[in-house]
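> One structure follows; several queries about it will come next.
The values are calculated or read from the model by the stated rules, or taken from the named source; none is laboratory data. Keep in mind it's a predicted model, so treat the numbers as computed, not measured. With ideal geometry, Cβ positions are generated from the backbone for all residues, glycine too; neighbour counts draw on all protein chains shown. The accessibility values were calculated without ligands, DNA or RNA, using every heavy atom of the protein model including side chains. Shrake-Rupley method; radii C 1.70, N 1.55, O 1.52, S 1.80 Å.
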Amino acid sequence: MQETEYKDKTIKCIDCGTEFIFTARDQAFYAEKGFTNEPKRCKPCRNAKKAAKRTENK
C-alpha cells in the first residue's frame with residue numbers, strides 16, 4: 001500500500017468564516033477512519049453544532 005504524504009491545509013469554516021488548519025495529522029486520521037470529506041467547520045463551530053444536537057435530542 002502506498003503511503004500518502006499529507007500537508008497542512010487551510011480551510012474556511014462554513015459557519016463563521018474563520019480560516020482553520022486541517023493538519024497533516026488530522027488528514028491521516030480521517031483517511032485511517034475512511035472519511036472521504038474534509039471538515040467544513042472549525043473546532044469551536046463543530047463543538048457548538050454537536051452541543052446543539054445533544055440539546056435537541058433531550
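> Take segment 6-20 and flag every residue that is part of a loop (DSSP other than H, G, I, E, B) and open to solvent by 80 Å² or more (accessible area, probe 1.4 Å).
Those that are part of a loop (DSSP other than H, G, I, E, B) and open to solvent by 80 Å² or more (accessible area, probe 1.4 Å): Lys7, Asp8, Ile14, Asp15.
> Collect the residues in segment 17-58 that are of a type in the set (Lys, Arg) and under 16 Å from Tyr6 (Cα atoms), keeping them in residue-number order.
Across segment 17-58, the qualifying residues are Arg25, Lys33.
> Those residues that are open to solvent by less than 90 Å² (accessible area, probe 1.4 Å), over 16 Å from Thr10 (Cβ atoms) and basic (Lys, Arg), I need them from segment 21-58; list them, please.
Selection gives Arg46 alone.
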